[in-house]
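Notes to accompany the following structure.
The values are calculated or read from the model by the stated rules, or taken from the named source; none is laboratory data. This one's a predicted model, so the numbers in the text were calculated from it and none came from an experiment. In this analysis, Cβ positions are derived from the backbone assuming ideal geometry, glycine residues included, and neighbour counts consider all displayed protein chains. Accessible surface is based on the protein model in full, side chains and every heavy atom, while ligands, DNA and RNA are left aside. Shrake-Rupley method; radii C 1.70, N 1.55, O 1.52, S 1.80 Å.
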Amino acid sequence: MEDIWEVKKAKCECCGMSEECSEEYIKGARHRFWGKFICGLCGEAVNETTQKNGGKGKEALEEHMNECVKFNKIGRSYPALYQAEAIKEILKKASRSRSARSVTPSDEVGLNKSDTILRSSSCIPAITRGTINNVAS
Ligand SMILES: [Zn+2]
C-alpha cells in the first residue's frame with residue numbers, strides 16, 4: 001500500500017545485471033533503447049558510441065549488446081579466460097596505438113639499413129678501403 005512506485009527487478013538485456021527500477025523508469029528506458037531494457041552503465045556506453053558514430057543509436061546499441069553478450073558468455077563459464085580475453089583486448093589496443101606512434105622510428109631503421117646496403121655495395125674491398133684511408137691521411 002505504501003509503495004506508490006511499483007519497484008520491479010529489471011534485468012539489463014546487455015550485461016544481465018539486475019536493477020531495481022520503477023515501472024516508469026523501465027518504460028522510459030525501453031522507449032529510449034528500441035524496446036530493450038538496459039542498465040544505466042550500458043546506456044551510458046551506448047550513448048558514448050552513438051556520439052562517436054554520428055548518431056546511429058540503434059547500431060551503437062547492437063554493437064554494445066554484442067560485446068556484452070560475448071563477454072558474458074565467456075565470463076560466466078570461464079572467469080579466468082574472461083580476464084585473459086579482456087587483457088588481450090587491452091593489449092591489442094595498446095599495441096595498435098604503439099605501432100601507430102612508432103612510424104618514425106621504424107622509418108629511421110629502414111634508412112639505416114639501406115645506408116648499410118649502399119655502403120657495402122660500393123664494391124670496395126676492406127683492404128682497398130684501408131689503402132684509401134692511408135692515402136688520404
Ligand atoms: Zn547493462
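Laid out as a table, the results:
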| quantity | calculated |
| --- | --- |
| Residue, most open to solvent (accessible area, probe 1.4 Å), within segment 10-53, restricted to residues that are without any contact (Cβ under 8 Å) to a residue 12 or more places away in the chain and not in a helix (DSSP H, G or I) | Ser18 |
| Condition check for Glu67: under 22 Å from Ala86 (Cα atoms), open to solvent by 70 Å² or more (accessible area, probe 1.4 Å), of a type in the set (D, E, K, R) and in contact (Cβ under 8 Å) with a residue 12 or more places away in the chain | no |
| Hey, His31 within 16 Å of the ligand (Cβ to nearest atom) and at pLDDT 90 or above or not | no |
